[in-house]
Amino acid sequence: MSSIILFFIFILFLAFALLALNLLLAPHNPYAEKVNVFECGFSSFLNQNRSEFSVSFFVFGLLFLLFDLEIILIYPYVVSAYNNSIYGLVIVLVFLSILTAGFVFEIGRGALKINSRQSNNLHNIYISPVASPSPTSIQNGFNKKLNLNQRRFYSTLYGAGPSDKNLDPNWISGFSDGEATFTVSIYKRNNKLGWGIQIAYSIELHEKDLVLLKQIESFFGVGSITLRENRNCIMYRVLSLKDIIEVIIPHFDKYPLITQKRADFELFKSVVDLMNDKKHLTPEGLQQIVSIRASMNNGLSEELINSFPNFTPLERPIVKLPESINPHWLAGFTSAEGNFLVDISKCSSHKSGVQVCLCYSISQHSRDTLLFKTIQNYLGAGRLSIRSNLVEFIVKKFSDLDLKIIPFFDKYSIQGVKTLDYADFCKVALLMKDKAHTTEEGLVQIRDIKSGMNTKRNLG
């Protein structure tokens, strides 16, 4: 057998071997930008078209340039293969082995790893063109799928990558008490009953908290993230009955909610049990679900009331107060519902004519007043303000903030973009502790800090 025949056999074998390895080992995450023809960069996504690129991209390019140059060195063998016999082929194989060893070394050194600050848990994200997709549109695949990798984190945006520290399970429950929703959607459907049921556990946040939502998604290991462009919001949702039964419900059974949202969760569980037993496919089961849904969240819509006039709302379960407040739960609840505020107002009794006050607060529906009294007793600070349907726990006394609130949240961390507000809050507290707020220079610093907090913060 001549060397030319051996050469072509080897090339075919190498090509198919590399293709097979790629199909078996390489991750498969196609999305619109990835499969499109490359031309003058990529289009803007979430206003990050001016993001800085990591130097890893250029290292990656240089290594492949060198690799291509090394491959060109094989060209002389190709054009003279008929004169080189087996000896020449062996030399080329040795050369390729050296290149392969170098490639393995590059991988081992992490030279080909691009640190894009993205989670290794690459779930799909949806872009929804409407503010609130109906269950029917979900069933019919109305949402446009987009891989989460398309959200780029090469800029210096805060929190561009998930924290190395795992979220505490009680923190998840506290955050869910503030931000999560357990929903049972009853919608018209073209089936025997004429109605369909869609259950969901969901958390909706501003898009600036995408990283936090990815951490929550990674914690549960199920669900997907929806980007709602027209509202600048992102939503994490678990829609699968199997995932809700195996992951979501066991979590909240072990690490319970303690606000009145626990009653909605218990009613939600009742619907899940009916669906798991296929009773939602029967007229009797559907009527049961309607009665349960009437006692959840905001009750039934006018359409459902007219369609099911004979429903009887199920009695809401009684939520017992916890014996004590879990600190991780309180950190999670504050991450969801808390505020760290700096107030600067005119005051004639101060030499500077200006008064600086700090305020930590959390708020909830007034039905959770007893729980908030428990939180007040647990922290040993603050007061309750009850107005209309709102209860608010407020701490303004500087000594309480300095000796109780700040040490507490230094130990049990706030998560998400709100950590920036907390950090600024602590900076102002330190300035006030040093009496800097009584000087003109200190007031300038405090005003500068306040101007970038909360809704005024620019993360672009």
Show the residue pairs that are 6+ apart or on different chains and have beta-carbon atoms under 6 Å apart, the first residue being within segment 355-377 and without any contact (Cβ under 8 Å) to a residue 12 or more places away in the chain, the second being part of a helix (DSSP H, G or I). none
Could you run through segment 1-22 and say how many residues are under 20 Å from Y87 (Cα atoms) and among the small types (G, A, S)? 2
Within segment 160-252, strands (runs of 3 or more DSSP E) holding 3 or more residues that are modelled with pLDDT of 90 or more, in the same structural domain as G285 (by TED's automatic domain parsing) and not small (G, A, S): 180-188, 195-206, 233-238
Return yes or no: is K435 assigned by TED's automatic domain parsing to the domain that holds S349 and over 18 Å from Y360 (Cβ atoms)? yes
Being more than 30 Å from the chain's Cα centre (by Cα) and in the same structural domain as F175 (by TED's automatic domain parsing) narrows it down to one residue among E315, E323, E302; which is it? E302
Note on segment 344-382: residues over 24 Å from M453 (Cα atoms) and part of a strand (DSSP E or B) are H365
Over segment 365-415, the set of residues more than 20 Å from T259 (Cβ to Cβ), buried (at least 18 other Cβ atoms within 10 Å of the Cβ) and not small (G, A, S) is L401, I405, I406
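Residues are listed down the side, and each one gets a yes or a no for (1) farther than 26 Å from L210 by Cβ; (2) touching a strand residue (DSSP E or B) at 6+ places or on another chain (Cβ under 9 Å); (3) modelled with pLDDT of 90 or more:
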| position | (1), (2), (3) |
| --- | --- |
| S363 | no, yes, yes |
| A381 | yes, yes, yes |
| R387 | yes, no, no |
| I394 | yes, yes, yes |
| D421 | no, yes, yes |
| C426 | no, yes, yes |
| L430 | yes, no, yes |
| A436 | yes, no, no |
| S451 | no, no, no |
Conditions first: (1) under 25 Å from the mean Cα position of the chain (by Cα); (2) farther than 22 Å from L210 by Cα. H280 passes all but one, so which condition is the exception? (1)
Sole residue being touching a residue at least 24 places away in the same chain (Cβ under 8 Å), of a type in the set (F, W, Y) and in a strand (DSSP E or B), chosen from F393, F409: F393
Could you go through segment 297-309 and let me know if any residue there is in a strand (DSSP E or B), within 25 Å of S388 (Cβ to Cβ) and in contact with a strand residue (DSSP E or B) (Cβ under 9 Å, 6 or more places away or on another chain). no
Would you pick out the residues in segment 403-450 that are within 20 Å of E179 (Cβ to Cβ) and touching a helix residue (DSSP H, G or I) at 6+ places or on another chain (Cβ under 7 Å)? F409, Y412, S413, I414, Q415, G416, V417, K418, D421, Y422
In the set L213, L239, L257, L205, the lone residue that is in contact with a strand residue (DSSP E or B) (Cβ under 9 Å, 6 or more places away or on another chain) and without any contact (Cβ under 8 Å) to a residue 24 or more places away in the chain is L213
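The values are calculated or read from the model by the stated rules, or taken from the named source; none is laboratory data. Computed from a predicted structure; not experimentally measured. So basically every Cβ, Gly included, is an ideal-geometry build from the backbone, and we count neighbours across all protein chains shown.
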